[in-house]
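Down below is the structure, laid out as structure tokens.
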Amino acid sequence: MKFLVTGSAGFIGSAVVERLCDAGHQVVGIDNLNDYYDVNLKEARLKRIAHPLFQFTKIDIASRDEMAALFEAEKFDRVVHLAAQAGVRYSIDNPMAYADSNLVGHLNVLEGCRHNKVKHLVYASSSSVYGLNGKMPFSTEDSVDHPISLYAATKKSNELMAHTYSHLYDIPTTGLRFFTVYGPWGRPDMALFKFTKSIFADKAIDIYNNGELSRDFTYIDDIVEGIIRVQEQVPVKKEDWTVEQGSAASSSAPYRVFNIGNGNPVKLMDFVSALESAIGLEAKKNFMPMQAGDVHKTWADTKSLFEVTGYQPKTSVKDGVAEFVKWYRDFYKV
């Protein structure tokens with residue numbers, strides 16, 4: 001099959017491209033290679049792929065004409081849409097970047113799927129959509145109408161937009177709410193990367209909410225395995241579904257939403273301890289108050305994803321952090 005993978009120079013996108021190519025699929029990858037973080041890292045991810053079945057094109061998903069031309073020319077069978085302006089805190093200071101990429105860009109992808117009969121669209125949502133929800137674990141059965149960052153609001157919007165297109169045009173869509181993905185080739189704006197860089201530089205790491213946080217940390221290989229399995233399971237209409245009695249994660253349209261996480265929250269300080277152990281150094285710690293837009297705890301209920309795909313994360317935080325540190329030492333020569 002022929003796939004489009006948006007955000008193919010990204011952390012998750014580049015790993016998905018590799019898996020699809022290794023499985024014998026033809027993959028077109030697009031990315032705008034913006035400077036939100038180090039472009040050299042993005043280019044290194046692309047260079048790592050180096051597969052004859054992979055073709056890369058630099059395109060901004062917010063460009064309506066370029067996206068329409070790409071879909072028309074390539075006639076994709078399936079789309080894995082991972083491109084987005086990421087980051088909770090960055091959205092507080094730079095909201096328009098999120099409107100361009102996460103709203104306009106997502107609409108351009110949906111339009112491409114609509115006009116070119118794409119058989120399945122899998123797209124990235126986020127655990128951030130749970131916002132003020134306090135019931136644990138986070139379930140796709142629950143309301144997610146109270147986001148606390150613009151980033152989260154755009155991801156919730158992506159789900160609503162996808163449902164509309166599934167309903168109107170019978171486009172099968174699957175949204176994946178990612179829970180704190182980490183591992184080799186990860187993003188420099190995320191905690192593990194920043195902590196590691198600071199520890200090697202003998203600088204203090206910022207620990208927010210005085211360390212009273214926990215996250216459902218999910219290793220990159222487990223995430224990619226889940227994505228690969230999900231794209232093989234094309235949603236179908238459920239004629240007997242109703243808003244009053246049906247799940248919020250499905251519909252009478254060929255639409256569904258899954259959590260994709262480890263299903264096992266880890267305390268932030270335990271995560272830091274795993275990093276210290278992997279590096280062999282104790283971190284200097286700067287304890288800070290809670291950040292705006294942040295949440296105290298995330299925990300994914302992945303039961304529905306397991307039932308449909310058999311997806312079951314396998315990598316412990318100890319092993320996953322150690323693999324990241326190994327990669328970081330090699331990539332940055334420290």
Would it be correct to say that Val16 is buried (at least 21 other Cβ atoms within 10 Å of the Cβ), touching a strand residue (DSSP E or B) at 6+ places or on another chain (Cβ under 9 Å) and in a helix (DSSP H, G or I)? yes
Residues of the range 50-84 satisfying the condition of being farther than 13 Å from Lys2 by Cα, assigned to a helix (DSSP H, G or I) and either among the small types (Gly, Ala, Ser) or modelled with pLDDT under 95 (or both): Ala68, Ala69
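Each row is one residue, and each column tells you yes or no for (1) open to solvent by 60 Å² or more (accessible area, probe 1.4 Å); (2) free of Cβ contacts under 8 Å to residues at least 40 places away in the same chain; (3) in contact with a Ser or Thr (Cβ under 6 Å, 6 or more places away or on another chain).
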site: Gln55; (1), (2), (3): yes, yes, no
site: Arg64; (1), (2), (3): yes, no, no
site: Leu70; (1), (2), (3): no, no, no
site: Phe76; (1), (2), (3): no, no, no
site: His81; (1), (2), (3): no, no, yes
site: Tyr90; (1), (2), (3): yes, no, no
In the range 119-142, the residues that are in a loop (DSSP other than H, G, I, E, B) and in contact (Cβ under 8 Å) with a residue 60 or more places away in the chain: Lys119, Gly131, Met136, Pro137, Ser139, Thr140, Glu141, Asp142
How many of the residues in the range 216-242 are within 15 Å of the chain's Cα centre (by Cα) and of a type in the set (S, T, N, Q)? 2
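Name the one entry in Phe193, Phe200 that is farther than 23 Å from Val80 by Cβ and touching a Lys or Arg at 6+ places or on another chain (Cβ under 7 Å).
One residue alone meets the criteria, Phe193.
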When the range 195-224 is checked residue by residue, the ones that are β-branched (Val, Ile, Thr), assigned to a helix (DSSP H, G or I) and more than 18 Å from Leu176 (Cα to Cα) are Thr196, Ile199
One residue is enough: does the range 275-290 have a residue meeting the conditions basic (Lys, Arg) and closer than 30 Å to Arg19 by Cβ? no
For the range 291-313, what are the residues that are part of a loop (DSSP other than H, G, I, E, B), touching a strand residue (DSSP E or B) at 6+ places or on another chain (Cβ under 8 Å) and open to solvent by less than 40 Å² (accessible area, probe 1.4 Å)? Thr298, Thr302, Tyr311, Pro313
Can you tell me how many residues in the range 314-334 are open to solvent by 40 Å² or more (accessible area, probe 1.4 Å) and part of a loop (DSSP other than H, G, I, E, B)? 4
Filter the range 35-48 down to the residues that are open to solvent by 50 Å² or more (accessible area, probe 1.4 Å), of a type outside the set (Asp, Glu) and either in contact with a Leu (Cβ under 6 Å, 6 or more places away or on another chain) or under 21 Å from Asn102 (Cβ atoms) (or both) and list them by number. Tyr36
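Counting just the residues of the range 225-267 that are of a type in the set (A, V, I, L, M, F, W, C) and in a helix (DSSP H, G or I), which one comes out surrounded by the fewest Cβ atoms within 10 Å (Cβ to Cβ)?
Of everything passing the filter in the range 225-267, Ile228 is surrounded by the fewest Cβ atoms within 10 Å (Cβ to Cβ).
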Taking the range 192-213 and keeping residues surrounded by 21 or more Cβ atoms within 10 Å (Cβ to Cβ) and either polar (S, T, N, Q) or free of Cβ contacts under 8 Å to residues at least 40 places away in the same chain (or both) leaves Thr196
Looking at the structure I just gave you, is Ala274 without any contact (Cβ under 8 Å) to a residue 60 or more places away in the chain and touching a Lys or Arg at 6+ places or on another chain (Cβ under 9 Å)? yes
For residues in the range 272-289 being of a type outside the set (S, T, N, Q) and part of a strand (DSSP E or B), which is farthest from Val317 (Cα to Cα)? Phe287
Tell me which residues, restricted to the range 162-180, are free of Cβ contacts under 8 Å to residues at least 60 places away in the same chain and crowded, with 19+ Cβ neighbours inside 10 Å. Tyr165
Is it the case, given these coordinates, that Met288 is open to solvent by 50 Å² or more (accessible area, probe 1.4 Å), modelled with pLDDT of 95 or more, in contact with a strand residue (DSSP E or B) (Cβ under 9 Å, 6 or more places away or on another chain) and closer than 26 Å to Asn133 by Cβ? no
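The values are calculated or read from the model by the stated rules, or taken from the named source; none is laboratory data. Everything quoted here is computed from the prediction, not taken from an experiment. Glycine also receives a Cβ, built like all others from the backbone with ideal geometry; neighbour counts cover every protein chain displayed. Note: accessible area is taken over every heavy atom of the protein model, side chains too, but ligands, DNA and RNA are not part of it. Shrake-Rupley method; radii C 1.70, N 1.55, O 1.52, S 1.80 Å.
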